[in-house]
Amino acid sequence: MIIIHPDFQTEQDYINKAYSVLARAHDEAKKLHKNVESGKGGTHQARFEKDVIADQVNKRLSQLDIGDASLVFGRIDQRNEDDENETFYIGRIAVWDESQDPITVDWRAPISESFYRATGRQPMGLTRRRHFASRGEKLLGIEDEFFGDDIIDDSSTPYFKGRMTLATTMEQARSGRLGDIIATIQGEQDEIIRAPLPGVLIVQGGPGTGKTVVALHRAAYLLYTHRFPLQGQGVLVVGPNKVFLTYIEQVLPSLGEAGVHLAVLADLVPRVTVRGFDSEKIARIKGDSLMKDVLQRAVKDRERPILEELTVGYGLQKLRLSVEESSIIVSEAQRRYTHHNSARNYVRDSFFEALAASTRNAEIDPIKLKADLETSLEIRETLDWMWPSLTAEHLVHDLFGSQALLINAGCPSFSKEEILMLFRERSPHASEVIWTVHDAPILDEAQEILGPRTAFQEEETIRTFGHIVVDEAQDLSPMQLRMLRRRSLNGSMTIVGDIAQATGAWAHDNWNEILEALPSRKQPRFAELTVGYRLPQPTMDVASRVLRDTPYGKNAPVAVREQGETPRFLKVETPARLLGAVTALTRSELEELGSGTMAVISPDRYVDLLTQSFKASGIEHGLVYEGALSNQVTLVPVGLVKGLELDVAIVVEPNEIINGERNGIRSLYVALTRATRRLIVAHSGPLPDSLK
């Protein structure tokens, strides 16, 4: 017998009403948008005001367009100061009826806080909290929680509000894109989301604890709560790679915030193409904070006096600039100016003043002299020798393309052998260079030292942001952290990651190493997510065994999903049969998968081989380089799987993952914690002892 909640139809009618109000608000905003667009001409003030209105209308239209997402997902009943009952419906955005009465309140509004935070011991004024399980406008179920003196204390055990709604969300198939969690935000997550704006907040969270979506919801919350000044200052969200950005790109618009800047670090460097990756040894050198000293010496190498006296004909006169005078000009420019390019005009003007003063027969106006001789090839070459106008990419391209320059700038920061590892043949044009991801912070550091050129102030001035959110921060090198620090306007940052999942060339063993490189205007705050929502407990148990004898194996997340499929291990008789076995396994799993997503995660050397095998067997699949899980089946090298979640994961040759990566044990841990439904480990070689 199916029991239907007695308020089911009443609540469905209310949800229908909310959607009709939303549709009307959307139509009215569209009409206003058309009216604003049609009005042309008028005074400058009128046009400016019209543009401001149009911008606000566009933002409201963006907020009102929620697509297939659910508008209403909860309700709170509480007693007000007059001991009267009040009811509020919690929604994705706030909508009002024609009388300006709230139909839904925004999930970020202060009144909504109790929906996420209230517990039996701290009811926050609630008498009832109601959760809606819904799909778009259709109500699927209702779950009530009541508060009062007779409620059992829940403070000593992990407390999950809205278990039915949470379970419904967890059981949904993965779409290949990250979804929001506003219907199921738990207390410890909400505390992080609503944490104060100033200073650095470090959020440590294991696999499946929702740290990424919590960080994105925090960005949306801060923009809502601190609209001024953040709307003008900007909010930056930094991800580890393009795959990850594609994976998360829909979350913020679904929360009503489309103005957040999503980027990988390479996106923040103008004009360059970044596609390559360096070996781990080279990545370690490029990521070392000592590279800033190398770059400073490289710039100073380009600030130099002439090698011999310059003689210039001017009418019937001979104008001269001695080596000593040019040395004085260069030294004075270095003393006066912090940034190289900002001193170029000073050097040029001082150059012509010295030339003008070199004649004793007649007084020469330096300004006129500059106008007459500035375009002379000899003068231009001399000025470019003494103090060239430089771009970051030209400086670094020249540096990396010359062993002599590398040795001169790189020692004593690095050994000769280390610095020469950065050498690569120069391309004919710096604009044609394909840079690596580890070059990006070097180019950025070079830009900071050089400063913008006079004619490129806007393009080459490094932009700052009012708040920066950084995901997967546990792998960032000191140079990458410097790049983030210089973009922070006031030291307000949310740093998210998991030390147990640190796998890169600069994988950190604790958060203190990262904090040392970040702004320190306020005492940093730490928060930890302790509850895992994505992984079933059997999968978490297997993954935790990998870290059991390491410093990272403590405090594994408590899994909400106590039940789940036990991970399977497929032993293949010989390495020659491995590809065929994985291909057959993929086909078999695909037939059972339904609408979900699946990834085959392997060491790099198997990706191309598996691609060929899948194509020969007619299995449609994608490569993670080309898009974040845009196909139902995706081949993922283990180094790019971090942060993703799927229904089914097939992990190939775990022992090779351990032996082939600098932080192989942690890389395997990452690979084993991606699947929300089923984990399969395929191997022809021996299993690691921890998985036997």
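Among the criteria (1) farther than 24 Å from Thr454 by Cα; (2) touching a residue at least 40 places away in the same chain (Cβ under 8 Å), the one Val347 does not fulfil is (1). Of all the residues in the range 99-127, those that are in a loop (DSSP other than H, G, I, E, B), small (Gly, Ala, Ser) and either closer than 15 Å to Gly187 by Cβ or in contact with an Asp or Glu (Cβ under 6 Å, 6 or more places away or on another chain) (or both) number 2. The number of residues in the range 278-305 being in contact with a Ser or Thr (Cβ under 6 Å, 6 or more places away or on another chain) and modelled with pLDDT under 95 comes to 1. Taken residue by residue, the range 436-453 has no member that is outside the structural domain of Leu355 (by TED's automatic domain parsing), without any contact (Cβ under 8 Å) to a residue 12 or more places away in the chain and either among the charged types (D, E, K, R) or over 30 Å from Glu332 (Cα atoms) (or both).
Please pick out the residue among Val651, Val633 that is surrounded by 22 or more Cβ atoms within 10 Å (Cβ to Cβ) and under 25 Å from the mean Cα position of the chain (by Cα). Working first, answer last.
On the way: Val651 fails: under 25 Å from the mean Cα position of the chain (by Cα).
Val633 is the lone residue from the list that is surrounded by 22 or more Cβ atoms within 10 Å (Cβ to Cβ) and under 25 Å from the mean Cα position of the chain (by Cα).
Within the range 194-203, can one find any residue that is assigned to a helix (DSSP H, G or I), modelled with pLDDT of 95 or more and of a type in the set (Val, Ile, Thr)?
no
Among the residues of the range 74-118, which ones are of a type in the set (Ser, Thr, Tyr) and at pLDDT 90 or above? Those that are of a type in the set (Ser, Thr, Tyr) and at pLDDT 90 or above: Thr87, Tyr89, Thr104, Ser112, Ser114.
For the range 223-251, taking the residues that are within 19 Å of Ile90 (Cβ to Cβ) and not polar (S, T, N, Q), the one that is surrounded by the fewest Cβ atoms within 10 Å (Cβ to Cβ) is identified as Tyr224. The residues in the range 394-444 that are among the charged types (D, E, K, R), exposed (fewer than 14 other Cβ atoms within 10 Å of the Cβ) and not in a loop (DSSP other than H, G, I, E, B) can be counted, and the count is 3.
The residues of the range 445-481 that are more than 17 Å from the chain's Cα centre (by Cα) and surrounded by 22 or more Cβ atoms within 10 Å (Cβ to Cβ), listed by number, are Glu445, Ala446, Gln447, Leu450. From the list Glu374, Glu378, the lone residue that is surrounded by fewer than 18 Cβ atoms within 10 Å (Cβ to Cβ) and farther than 20 Å from Ala343 by Cβ is Glu378. Residues considered: Leu383, Leu406, Leu390, Leu395. Of these, the only one that is of a type in the set (A, V, I, L, M) and under 18 Å from Ser322 (Cα atoms) is Leu383.
Scanning the range 597-608 for residues that are farther than 11 Å from Val652 by Cα, surrounded by 20 or more Cβ atoms within 10 Å (Cβ to Cβ) and either in contact with a Ser or Thr (Cβ under 6 Å, 6 or more places away or on another chain) or not aliphatic (A, V, I, L, M) (or both) returns a single hit, Thr597.
Listed by first and then second residue, the pairs linking a residue in the range 1-30 that is in contact (Cβ under 8 Å) with a residue 24 or more places away in the chain to a residue that is hydroxyl-bearing (Ser, Thr, Tyr), with Cβ atoms under 8 Å apart and 6 or more places separating them unless they lie on different chains, are Tyr14/Tyr89; Ile15/Ser134; Ala18/Tyr89; Ala18/Thr104.
When the range 562-572 is filtered for residues that are touching a helix residue (DSSP H, G or I) at 6+ places or on another chain (Cβ under 7 Å) and surrounded by 11 or more Cβ atoms within 10 Å (Cβ to Cβ), the ones remaining, listed by number, are Gly564, Glu565, Thr566, Pro567, Leu570, Val572. Reported count of residues in the range 482-499, each being among the polar types (S, T, N, Q) and surrounded by 24 or more Cβ atoms within 10 Å (Cβ to Cβ), is 2. Here Leu405, Leu383 are screened, and the one residue that is modelled with pLDDT of 95 or more, under 22 Å from Asp444 (Cα atoms) and not assigned by TED's automatic domain parsing to the domain that holds Leu316 is Leu405. Of all the criteria given as (1) surrounded by fewer than 16 Cβ atoms within 10 Å (Cβ to Cβ); (2) without any contact (Cβ under 8 Å) to a residue 60 or more places away in the chain; (3) more than 23 Å from the chain's Cα centre (by Cα), the one not satisfied by Pro575 is (2).
The values are calculated or read from the model by the stated rules, or taken from the named source; none is laboratory data. Since we're looking at a predicted model, the values are computed, not measured. Counting neighbours? That spans all protein chains shown, and the Cβs are built from the backbone with ideal geometry, glycine included.
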